[in-house]
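Report on one structure; see the data block that follows.
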Amino acid sequence: MRATQMFVGLILALFAAAMLLWLIPAQIPSGFAGQLSPRLLPQITMWGVLGLGLWIAGTAVWGRGVPAHRPGVFARAELVALVVLPALVLVALWVLTLAGPLAAGTLLVVGAALMMGERNPLALVLLPAGALGVGWLLLYRVLGTTVG
Amino acid sequence: MTQILAGFPDILNLLTLAWIVAGVAIGYLVGALPGLGKATAVAIAIPLTFALPALLAIAFLIGIAKGSAAGSAVSAILLNVPGEPSSAPTALDGYPLARQGKAGKALKAALFASVLGDLGATLALVALAQPIASYALAITPVEICAVLIFSLTFVAGLSAESLAKGLVAALLGLLVATVGLEIESGLPRLTFGDYRLFDGIPLIPMAIGMLAVAEMILQAGNRAALDQQAATVAKGVHPDDSRMTRDDWRRAAPAIVRGTAIGIGVGILPGLGASVGSFLSYGFARSRAKDPGRFGKGAIEGVAASESADNAVVPASLIPLFALGIPGSVIAAILIGAFMLHGVAPGPLMFAQQPRLVGGIYAAMIAASLALLLIGLLFQGAFARVVRVPTRHVVPVVLFLCVIGAWIEGGGAYGVQVMLVFSVLGVLFVKLGFSVVNFLIGFVIGRAFELSLRQSIQILGRDPANLVSHPIALIFLAMTAIAVWRFTRGARRATRQPEET
């Protein structure tokens, strides 16, 4: 737990330092004479994150301020879901351009259901039918807009 | 009062009442869907009102806003997925109640608190819109900046694992809000040359990603345990588990009164929004409780406090809109577009130039509050059945609706991409103990905060000593220091206790 907290604090501090030294000067012009710089708020936020990141890392090192509630590290199933679900959405977006909203929506719902462990054929038919039906009713009939 | 009396005859006809009820019903339904909040609902409904007269259109849109503000509690209670950030504190006690088999009780508490908070704030709008204008004019950017700093600090202490992590989340939210063209100079910031970022990162896809999709990913990773919980939720069979008892009302009533007052106060102040209101109300109810240990484990007054404030903010945020033409919230900002579309310019002149329309809007808002109660009571049973649906069926459907919401609000595939990026960030935030809600609040108030900060620096002549001439700002800065001290001390105690035991 403490190692995780220390790691998180250091990552935050490094991110803030990189922003202050490199990204903000490279990505935000210094502004016009007589005006407050557009860099002002981004720099304030990053100085804050730098200080708080070091504080989080420091309290973890010295064992103080690490709260009673301890967030767990990622379980394997969570890591799989973190990769598979966003990937599924990206594939559905790609299919949308090739085959239209019906195929993309079906792929998204059936893919997610299969990923969640659904194997009942009836459910695998009814789920996309219901979801796409509601989506069609809401978008095309009620709101009068489209997808795709 | 004469305005509102003149307005009732204009709305007491079948057509107008039907549009109000339809607005509330659609809003309640959309609000109940995770990640689809009132801003989304109103924004996507505006095109529907092109052909309607001004009063019908505005009454319909305000009905949607009110309905979705109340409906967002449904998913917070039943699925632990807040319909929008302002319902996050509702989930803190609503979801534990649902897991204890008291989903019906929690939903009714949320509904009654929503209706009472909304009705109270609507009456406040009617009573205060004109008089408040003179007081609101006295608030300078220095005070606004101080209030925003206090709000961020207070919410950071309440919503995150530690104050430091809550503040980091808020600061990152402020940083992300700076992406796009800068307000004063028009220079691009952190856009990496991508023109789609010039308008900034769209709020709704980001919020859907961080709240709803991140929750779906986490639920997908814990589906076996969650299906067990859902089975437990469905087991509540005692009649008292699905209704508000006298004892529940005794606990909830003070929280509703205070929550409504807090919601009105927060709604009037531009930039704070419903999330600040619901968290402040929840924190206040907890601090006033005889047994604060019940909070987070299923305290009915926690649900009541959060929902009353959340729903009071919507009408209250129209006070600065109606009185000064300044939007007090995201929803008010979206409604400005609808007003202008129908040839109505919100502001002080509206009272003089279109008094009958103002009266009609007031009457429609009160009718919408009553419609909210009716629809909630009639359809809550149907919504409560969601808890019996296994996670393997909920996740695909919610993911599908999230993609649709992000697509519409983010302008196509770009919105979905933004949603995905922030869903990954949301998962990391949750797993590492950072506050997603505080990040989003930081993002939403980012522009207002930056503007007030810049104006404050200029007003104070770059000399902090000039703060002496702004006593209200000094009070809020002192309250910020006290909040930091209290939350830091609280965290140390919480750390020490397990070590001692």
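The values are calculated or read from the model by the stated rules, or taken from the named source; none is laboratory data. Owing to the predicted nature of the structure, the values given are computational and were not obtained by experimental measurement. Glycine gets a Cβ as well: all are built from the backbone with ideal geometry, and neighbour counts include every protein chain shown.
Just a few scattered comments:
- Scope the range B:3-21; condition surrounded by fewer than 19 Cβ atoms within 10 Å (Cβ to Cβ), without any contact (Cβ under 8 Å) to a residue 60 or more places away in the chain and in a helix (DSSP H, G or I); matching residues: B:9, B:14, B:15, B:18
- Matching residues in the range B:253-268 - criterion: being surrounded by 23 or more Cβ atoms within 10 Å (Cβ to Cβ) and either modelled with pLDDT under 90 or within 23 Å of residue B:448 (Cβ to Cβ) (or both): B:262, B:263, B:264, B:266, B:267, B:268
- Picking from residues in the range B:143-178 that are assigned to a loop (DSSP other than H, G, I, E, B) and within 9 Å of chain A (Cβ to nearest Cβ), the one that is surrounded by the most Cβ atoms within 10 Å (Cβ to Cβ) is B:162.
- Every residue from the range B:193-225 that is surrounded by fewer than 24 Cβ atoms within 10 Å (Cβ to Cβ) and away from chain A (no Cβ under 12 Å): B:195, B:196, B:198, B:199, B:200, B:201, B:202, B:203
- Selection from the range B:376-392 of residues that are touching a Leu at 6+ places or on another chain (Cβ under 6 Å) and modelled with pLDDT of 80 or more: B:376
- Filter pass, residue B:406 being buried (at least 24 other Cβ atoms within 10 Å of the Cβ), at pLDDT 75 or above and not in a loop (DSSP other than H, G, I, E, B): yes
- Check on residue A:54, more than 9 Å from every other protein chain (Cβ to nearest Cβ) and at pLDDT 85 or above: yes
- Scanning the range B:396-436 for residues that are on the phi > 0 side of the Ramachandran plot and at the interface with another protein chain (Cβ under 7 Å from one of its Cβ atoms) returns a single hit, B:433.
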